[in-house]
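Here's the structure, in structure tokens; my notes come after.
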Amino acid sequence: MRVNFPNTSRSFDNDKCRVRFWGYDQAIEISFYVECDALKQLCPKIDIAEKGFLAAFDKMLNRIHEVANKVYIKGSGGKGTYAYVLSADDF
């Protein structure tokens, strides 16, 4: 099952240096995190502060959603895991 991303909200986790966003597999909410290293890889010239990471996330949103779906389908696909971390290796 593919994940839908109707919620455009995202937030920056400064402690773990990653951006959090949400997707849905039917009624199940799944948390996704994109590590800052992945965002730097996707947009090498970004400002490496919260504003820059969120801008890179927004710019690469479609690609991030594609990778999130691949990671979700490859993983448990809703069988008990509801949080996935996307690293630079996933891209």
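The values are calculated or read from the model by the stated rules, or taken from the named source; none is laboratory data. Treat the numbers as computed from the prediction; the structure is a model and nothing was measured. In this analysis, Cβ positions are derived from the backbone assuming ideal geometry, glycine residues included, and neighbour counts consider all displayed protein chains.
Observations, loosely collected:
- When segment 1-17 is filtered for residues that are closer than 21 Å to Ala27 by Cα and either in a loop (DSSP other than H, G, I, E, B) or more than 12 Å from the chain's Cα centre (by Cα) (or both), the ones remaining, listed by number, are Met1, Arg2, Val3, Asn4, Phe5, Pro6, Asn7, Thr8, Ser9.
- Residue among Tyr24, Tyr84 that alone is in contact with a strand residue (DSSP E or B) (Cβ under 8 Å, 6 or more places away or on another chain), touching a residue at least 40 places away in the same chain (Cβ under 8 Å) and either of a type in the set (Ser, Thr, Tyr) or within 26 Å of Met1 (Cβ to Cβ) (or both): Tyr84
- Taken over segment 24-40, the criterion of being surrounded by 16 or more Cβ atoms within 10 Å (Cβ to Cβ) and modelled with pLDDT of 95 or more is satisfied by Phe32, Tyr33, Val34, Glu35, Cys36, Ala38, Leu39, Lys40.
- Long-range neighbours under 7 Å by Cβ, at least six apart or interchain, first residue more than 16 Å from Arg2 (Cβ to Cβ) and free of Cβ contacts under 8 Å to residues at least 40 places away in the same chain within segment 54-74, second in a helix (DSSP H, G or I) and of a type outside the set (Val, Ile, Thr): Ala56/Leu39; Ala56/Leu42; Met60/Leu42
- Scanning segment 1-19 for residues that are over 12 Å from Glu50 (Cα atoms) and buried (at least 17 other Cβ atoms within 10 Å of the Cβ), we see that the one that is modelled with the highest pLDDT is Phe5.
- Of all residues in segment 31-56, those satisfying the criterion of being part of a strand (DSSP E or B) and within 11 Å of Phe12 (Cβ to Cβ) are Tyr33, Val34.
- Residues of segment 48-65 classified as charged (D, E, K, R) and surrounded by 12 or more Cβ atoms within 10 Å (Cβ to Cβ), total: 3
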